[in-house]
Structures are given as C-alpha cells and as structure tokens.
Amino acid sequence: MRAPTGEQYRLTRSTPLGPSEATIVQVGASIREFRIAGVELTEPYGEFSTPPFGCGIVLVPWPNRVEDGIWTLDGKQQQLDLTEPDKHNAIHGLLRNTPYREIARADDSVTLGATVFPQHGYPFVLETSVEHRLLDDGMAVTHRITNDTDQPAPVAIGSHPFFSIGDVPTEDLTLTVHAGSRFPVDERLNPSAEVPVEGTDYDLRGGRRVADLKLDDAFGDVTPVNQVTATLAAPDGRTVSLWQDENFPYVQVFTTRIFPRGSNLTTAIAIEPMTAPANAFNSGQSLRWLNPGETWVASWGIRYTA
C-alpha cells in the first residue's frame, strides 16, 4: 500500500549528541518525524496516516487564515477557496495537499520543490522549494520562492511543526516565547489589532507550563535570544527550541488535547514560524510583494540541547 503522503525521504546524520534521523514526506513537504539519539523532537505520525492538524507541513503563499477567503487586488475582489468551511476562511495556503518533486538529495538533507499555479483567488505562478537539512544540534529549514508572473505577487511563508521532547508528557513541558505582543482573535480565529502582552496571561517570556495553556494565538514583537524565539523545556533541563531568521518576525502557538499518538489522544503543541500574521492579504502587515523574477529566501530551524 502506498503512503498517503507519498515518497518518504529519510535523512540521517551522526552528531555529538547521537544519531540524528528525520523523515520528510512528498505531500506538503511535511516533517513526519525527527529525533536525535532516539529522542523525538517533533510529534511523529504514522507512515500510513495523513498529517494530523497539518503536522509539519509548509504554509505558502500564506500561513494561518484569510478571513472569508476574500482579499482585494488592484481594486478587484479575489475569492479564495474556503478550505476551513466551518469557520468560513481560507487556511494555510495552497500547497498543503500538493505533492512536491525532488530537487536535491543527500544523506542528511533533501530539497523539494512545488509550483503554485493560478487558481481561485490567487492569479500568480510561484516556484517554491524547501530544504530540510540535519545539523549537529538540530535541523535547518530553508524556503525559496520565485515569482514567475509578470506582475508583483503577494507572498507569506509559514510552517506547522509540533514540538516534543521524547517521552516527557507535553503538558509537563515549560513554554517560553520571546514576544512582546499578540493578535487577539474572534470566534472564527481571525485576528484584530496587535496588542502588548505585558501584564496579561499571554506574556510567555518568563515561561509557563503547557498544561496551563490553551492557545491558538499569533505573537509579534519577537525579540530572539541567540536567534531562538521559543523554547520548550523538560523538568530534567533538556530543551527544544525554534529559531528564526529576520524574515520570520512572528510565531503562532497552538495547543490541542486531542493529538493522535498511536491509539491514544494526547496534548501537543505546535510552534509555527511565520513571516506575516493571519489575514495579511487584507491587513498588509509584513506581506512580501515579490517582483517578477524576484526570489525570496527565508530560514528557520529546530535546536536541541540535552
């Protein structure tokens, strides 16, 4: 039986921490599993499963939501397909169910490419690629997007990794997010104005137990510490962190208590790098307009300390 996520690209690398292993899949260029020295650093899902909650997928040409799937281009209303019908939104871009093609392959890395063709509400052609590369202390993910249209194209990038630290229950981990603002949302999870986190329960700069959090929130005013924007820490001192380059000034944090792990449902947390917040096609906030032929390169990654 063929895996529903297509080709399985298995990566390996010897590191000072122990053997590093990852599986990147063809559909959505998702991170299906990633571990160092046997410690799972992202939530794994089965080879014959689809990514639960969008686990590990690439989000292009927008992360999160476009409210009602509607935005305006040169004075003309554009209508995207409503891929989140229960909330009447377009969610997570146009490549989440797309099979990527192999561009380059090595023992410890793979580069996959996919084309965004013109479709409902998005009349542009983008050539995209994403490289997943194992490092001595984690993984680096590099996105490249080229506008292959004769007019400027709006683009934002995100990814949807769920983080973990081996068999430590996620609710026992402590989350720290180096962000000074957040975007409150309505009942359909569409954002309103950016507000400071100072003095609120959403100030995660000092660390909070995941068990005490219920989040599906975007954070801004990100101030990386040694390039790290968010960290999960185990009681024994081990950490897994998200790092982002200057192209990713936002991070989305999503918690769920019903993530499927084997035959059980468990707590899981996604910490999602984003180049722009939700609904950027309407707000314009940090939305990147690529000129014809222009290429944009942006990187983020995962760092582990044992």
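If you go through the range 34-66 and pick out every residue that is surrounded by 19 or more Cβ atoms within 10 Å (Cβ to Cβ) and under 20 Å from Asp81 (Cβ atoms), you end up with 12.
Which ones in the range 205-220 are in contact (Cβ under 8 Å) with a residue 40 or more places away in the chain and either among the hydrophobic types (A, V, I, L, M, F, W, C) or surrounded by 16 or more Cβ atoms within 10 Å (Cβ to Cβ) (or both)? Reasoning before the result, please.
So in the range 205-220, the residues in contact (Cβ under 8 Å) with a residue 40 or more places away in the chain come out as 210-211, 213-215, 218-220.
Once the filter is applied, which keeps residues that are in contact (Cβ under 8 Å) with a residue 40 or more places away in the chain and either among the hydrophobic types (A, V, I, L, M, F, W, C) or surrounded by 16 or more Cβ atoms within 10 Å (Cβ to Cβ) (or both), the range 205-220 yields Val210, Ala211, Leu213, Leu215, Ala218, Phe219, Gly220.
For first residues located in the range 271-293 and more than 16 Å from Pro224 (Cα to Cα) and touching a residue at least 24 places away in the same chain (Cβ under 8 Å), partners that are of a type in the set (Lys, Arg) and part of a strand (DSSP E or B) and lie 6+ apart or on another chain with Cβ distances below 7 Å form the pairs Ala278/Arg65; Asn279/Arg65. The selection criterion, being open to solvent by less than 40 Å² (accessible area, probe 1.4 Å) and under 23 Å from His160 (Cβ atoms), does not hold for Pro224.
Every test in (1) assigned to a loop (DSSP other than H, G, I, E, B); (2) of a type in the set (A, V, I, L, M); (3) over 22 Å from Phe248 (Cβ atoms) is passed by Ala104 save one, and that test is (1). Taken together, the residues in the range 216-230 that are over 23 Å from Pro51 (Cα atoms) and assigned to a strand (DSSP E or B) amount to 7.
Can you tell me which residue in the range 3-17 is least open to solvent (accessible area, probe 1.4 Å), limited to those that are in contact with a Ser or Thr (Cβ under 7 Å, 6 or more places away or on another chain) and free of Cβ contacts under 8 Å to residues at least 60 places away in the same chain? Filtering first and then ranking leaves Thr5.
The single condition from (1) part of a strand (DSSP E or B); (2) open to solvent by less than 40 Å² (accessible area, probe 1.4 Å) that Gln77 fails is (2).
Among the residues of the range 248-306, the one identified as aliphatic (A, V, I, L, M), open to solvent by 60 Å² or more (accessible area, probe 1.4 Å) and not in a strand (DSSP E or B) is Ala306. Check whether at least one residue in the range 185-200 is hydrophobic (A, V, I, L, M, F, W, C), closer than 25 Å to Ser109 by Cβ and open to solvent by 30 Å² or more (accessible area, probe 1.4 Å), and report yes or no. No: zero hits. The combined condition, being within 29 Å of Ser192 (Cα to Cα), open to solvent by 30 Å² or more (accessible area, probe 1.4 Å) and either out of contact with any Gly (no Cβ under 7 Å at 6 or more places or on another chain) or modelled with pLDDT under 95 (or both), is fulfilled by Leu94. Out of Gly166, Gly180, one residue alone is part of a loop (DSSP other than H, G, I, E, B) and not charged (D, E, K, R). It is Gly166. Does Leu232 qualify as being closer than 27 Å to Ala37 by Cβ, surrounded by 21 or more Cβ atoms within 10 Å (Cβ to Cβ) and touching a Gly at 6+ places or on another chain (Cβ under 8 Å)? The answer is no for Leu232. How about the range 41-53: which of its residues are within 10 Å of Pro161 (Cβ to Cβ) and either outside any loop (DSSP other than H, G, I, E, B) or modelled with pLDDT under 95 (or both)? Across the range 41-53, the qualifying residue is only Thr42.
Please pick out the residue among Ala104, Ala140 that is over 24 Å from Leu242 (Cβ atoms) and surrounded by fewer than 19 Cβ atoms within 10 Å (Cβ to Cβ). Result of the check over Ala104, Ala140: Ala104.
If I ask for residues that are of a type in the set (S, T, N, Q), within 24 Å of Tyr202 (Cβ to Cβ) and more than 15 Å from the chain's Cα centre (by Cα), which ones from the range 150-174 would you list? Please lay out each step first, then the result.
If we filter the range 150-174 for residues that are of a type in the set (S, T, N, Q), which is where we start, we get 151, 159, 164, 170, 174.
Still in the running and within 24 Å of Tyr202 (Cβ to Cβ): 159, 164, 170, 174.
Selection gives Thr170, Thr174.
Looking at Ser20, Ser30, just one residue is open to solvent by less than 10 Å² (accessible area, probe 1.4 Å) and more than 23 Å from Asn264 (Cβ to Cβ), and that residue is Ser20.
Among the conditions (1) touching a residue at least 24 places away in the same chain (Cβ under 8 Å); (2) of a type in the set (Gly, Ala, Ser); (3) within 30 Å of Gly284 (Cα to Cα), the only one that Ser20 does not satisfy is (3).
Just to check your reading of the model, which residue among Asp167, Asp148 is closer than 18 Å to Ile269 by Cα and open to solvent by 30 Å² or more (accessible area, probe 1.4 Å)?
Numbers: Asp148 fails: closer than 18 Å to Ile269 by Cα.
Unique residue meeting the criteria: Asp167.
The values are calculated or read from the model by the stated rules, or taken from the named source; none is laboratory data. In this text the structure is predicted, and so the values were computed from the model without any measurement. FYI the Cβ positions are ideal-geometry reconstructions off the backbone, even for glycines, and counts take in every protein chain you see. Surface areas here come from the heavy atoms of the whole protein model, side chains and all, with no ligands, DNA or RNA. Shrake-Rupley method; radii C 1.70, N 1.55, O 1.52, S 1.80 Å.
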